[in-house]
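Participant: My questions will all concern the structure given below.
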Amino acid sequence: AISEVVGPRVVGRDPAHIAQIQADLHRGLYNTGRSGPVPFAISGLDIALWDIEGKRAGLPVYKLLGGSARTQLPAYASLLRYGDAKMVETKTREAISRGYRYIKLHENRMDIIRAAKRACLEKGKNVPLMVDCSCPWTVDEAIAAARELADQDLAWLEEPVYPPDDHSGLARLRAVAPMPVAAGENISNLMEFKRLFEVGAVGIAQPSITKIGGVTEMRKVFALGEAHGVTVVPHSPYFGPGLLASIHVCAASARLIPIERYYCDFTESPFGEQIIPKNGDFAVPQEPGLGKDPDMRLVEKMRVA
């Protein structure tokens with residue numbers, strides 16, 4: 001999608017013309033689909049253009065976007081899917097001991113969710129718990145599950161309905177759910193978020209910067225969410241430019257936004273320390289652009305194709 005569809009349309013253009021490049025690509029390529037590989041490729045290009053612009057200006061991207069006084073943002077531990085209550089309880093305790101102040105599961109079994117909640121309440125703490133269900137249920141099944149979890153005081157219930165673009169079904173769930181409903185990681189254009197908000201389907205929107213159109217379109221989702229009274233907390237289980245770009249957009253927000261961090265570690269990473277939270281917080285990169293460039297020697301060492 002990048003080399004054969006998007007690339008030929010932008011080679012030779014001034015990388016500073018980010019908004020116009022975005023508009024031309026979306027309008028010129030709408031017939032390839034408003035979701036899928038082409039919007040993902042446009043997202044990657046947009047993130048790269050903002051990195052270039054920051055390097056040209058000698059400023060980190062978040063300062064180009066309006067800046068803030070924040071030098072760090074809270075991370076939330078987005079646990080892998082384990083399917084085992086004991087393992088989830090152990091991993092929840094471990095993440096909390098490492099300084100994470102928010103925990104998210106990728107589970108939909110009630111015993112596992114309750115086990116994690118117990119760990120969140122240990123030692124007099126009340127660590128917020130979010131649950132990403134990964135689109136397992138019909139609307140009626142999701143309503144029943146939400147009611148069963150009413151006593152768990154969840155911070156949100158994420159992607160509980162299949163298909164994920166059943167906005168009216170999500171709205172039905174939200175009308176009766178005892179906890180906030182979150183969704184949006186599978187949306188790849190602004191107009192679909194507009195429809196999601198207009199039907200009252202979510203209280204928390206989760207655009208993914210690598211799918212929605214990069215930094216440029218992500219900022220529009222933030223503005224649209226504010227206009228509709230919807231809280232935007234981006235989906236960002238990434239370990240490179242997608243994560244760094246999400247941090248910059250959130251750092252420029254007036255509201256404090258926790259950053260999703262997939263709960264796994266690497267022996268080595270081309271992006272080094274800047275993708276690793278310290279004591280539950282991400283440092284907002286202060287280098288020009290997105291941050292420190294990847295270590296290309298390590299990229300070559302790890303290359304498999």
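Participant: Binning at 5 Å from 0, report for segment 167-305 what percent of all alpha-carbon pair distances ends up in each bin.
Facilitator: 2, 9, 19, 19, 17, 14, 9, 6, 4, 1, 0
Participant: Rounded to the nearest 0.05, what FRET efficiency is calculated for residue 94 and residue 4 with R0 set to 45 Å and r the Cβ-Cβ distance?
Facilitator: On the way: r = 44 Å, r/R0 = 0.98.
Computed FRET efficiency for residue 94 and residue 4: 0.55.
Participant: For residue 16, list long-range residues whose amide hydrogen, built 1.01 Å from N in the peptide plane, is under 5 Å from its own amide hydrogen.
Facilitator: none
Participant: With the radius of gyration and the Kirkwood radius both derived from the Cα set of segment 1-156, what is their ratio Rg to Rh?
Facilitator: Details: Rg = 21.7 Å, Rh = 19.3 Å.
For segment 1-156, the value is 1.12.
Participant: Moving on. Would you mind calculating the relative contact order of the chain from Cα pairs under 8 angstrom and at least 6 residues apart, reporting the percent as a whole number?
Facilitator: Values: 569 pairs, mean separation 70.9, N = 305.
RCO, the chain: 23 percent.
Participant: Would you mind getting the accessible area per residue of segment 13-72, heavy atoms of the protein chains only, 1.4 Å probe, in Å²?
Facilitator: On the way: 3040 Å² over 60 residues.
Counting only protein heavy atoms, the per-residue value for segment 13-72 is 51 Å².
Participant: Now, a different point. Around residue 200, which amide H atoms from residues at least 5 apart in sequence, or from another chain, sit under 5 Å from its own amide H, with H modelled in the peptide plane?
Facilitator: none
Participant: Note the direction-averaged projected area, equal to a quarter of the hull surface, for the Cα convex hull of segment 81-208, in nm².
Facilitator: 7.5
Participant: Here's a follow-up. Of the listed pairs 117/301; 220/301; 86/301; 91/220; 117/278, which have alpha-carbon separations greater than 32 Å here?
Facilitator: 117/301; 220/301; 86/301; 91/220
Participant: Here is a follow-up. Could you work out Rg/(2.2 N^0.38 Å) for segment 204-279, with Rg from alpha carbons only? List each step's numbers first, then the result.
Facilitator: On the way: Rg = 12.9 Å, N = 76, 2.2 N^0.38 = 11.4 Å.
It is 1.13.
Participant: To continue, here is another question. For the chain, list log₁₀ I(q)/I(0) at each q in 0.09, 0.12, 0.13 Å⁻¹, using the Debye formula over Cα point scatterers of equal strength and ignoring solvent, two decimals each.
Facilitator: Log10 of I(q)/I(0), two decimals: -0.46, -0.83, -0.97.
Participant: Still on this structure, please answer the following. Counting only DSSP beta bridges with both residues in the chain, tell me the antiparallel percent, nearest 5.
Facilitator: Working: 4 of 25 bridges.
Counting only bridges with both partners in the chain, antiparallel ones make up about 15 percent.
Participant: Using amide H atoms built in the peptide plane, which far-off residues or other-chain residues are under 5 Å from residue 282 H to H?
Facilitator: Placed amide hydrogens put 73, 75 under 5 Å from residue 282.
Participant: While we're here: For segment 45-155, with all protein chains present and a 1.4 Å probe, just round the carbon and sulfur fraction of the accessible area to a whole percent. All intermediate terms of the calculation are to be shown ahead of the outcome.
Facilitator: Details: 2530 of 4980 Å².
Answer for segment 45-155 is 51 percent, counting heavy atoms of protein chains only.
Participant: Where does helix 214-227 land angle-wise versus the long Cα axis of the chain, in degrees 0 to 90, nearest 10?
Facilitator: Helix 214-227 sits at roughly 50 degrees to that axis.
Participant: May I pose another question? So, for segment 246-295, what is the accessible surface per residue at a probe of 1.4 Å, expressed in square angstrom?
Facilitator: On the way: 2160 Å² over 50 residues.
The answer is 43 Å² per residue.
Participant: With an 8 Å Cα cut-off and a minimum separation of 6 or more residues, compute the relative contact order for segment 1-146 in percent.
Facilitator: 16
Participant: A further question on this structure: GluC sites (Glu not before Pro) within segment 256-305: which are DSSP loop residues with at most 16 other Cβ atoms inside 10 Å? Display every interim value, and only then the final one.
Facilitator: Values: sites: 260, 268, 273, 300; in loops: 268.
For GluC sites (Glu not before Pro) across segment 256-305 that sit outside H, G, I, E and B with at most 16 neighbouring Cβ atoms in 10 Å, the list reads 268.
Participant: Next up: How many percent of the alpha carbon pairs in segment 37-124 exceed a separation of 20 Å?
Facilitator: The answer is 57 percent, as a whole percent.
Participant: For residue 114 and residue 68 in the same chain, what is the full-extension length gain: residue separation times 0.36 nm, less their Cα-Cα distance, in nm? If you can, show how the numbers build up before the last one.
Facilitator: Numbers: separation 46, 0.36 × 46 = 16.56 nm, distance 3.76 nm.
Extending this stretch completely gives an extra 12.8 nm.
Participant: Can you tell me how much longer the chain between residue 264 and residue 30 gets when fully stretched, taken as 0.36 nm per residue apart minus their C-alpha distance, in nm with one decimal?
Facilitator: On the way: separation 234, 0.36 × 234 = 84.24 nm, distance 3.62 nm.
Gain on extension, residue 264 to residue 30, equals 80.6 nm.
Participant: Let me ask something additional. Which ³J(HN,Hα) values in Hz, rounded to whole numbers, follow from the phi angles of segment 290-305 under the Karplus curve 6.51 cos²θ - 1.76 cosθ + 1.60, where θ = phi - 60° and Gly and Pro get x?
Facilitator: Result, rounded to whole Hz: 6, x, 5, 5, x, 6, 5, 5, 6, 4, 5, 4, 8, 4, 10, 7.
The values are calculated or read from the model by the stated rules, or taken from the named source; none is laboratory data. None of these values were measured; they are calculated from a predicted model. All Cβ positions, glycine included, derive from the backbone under ideal geometry; neighbour counts span all protein chains shown. Side chains included, ligands, DNA and RNA excluded: accessible areas come from the protein's heavy atoms. Shrake-Rupley method; radii C 1.70, N 1.55, O 1.52, S 1.80 Å.
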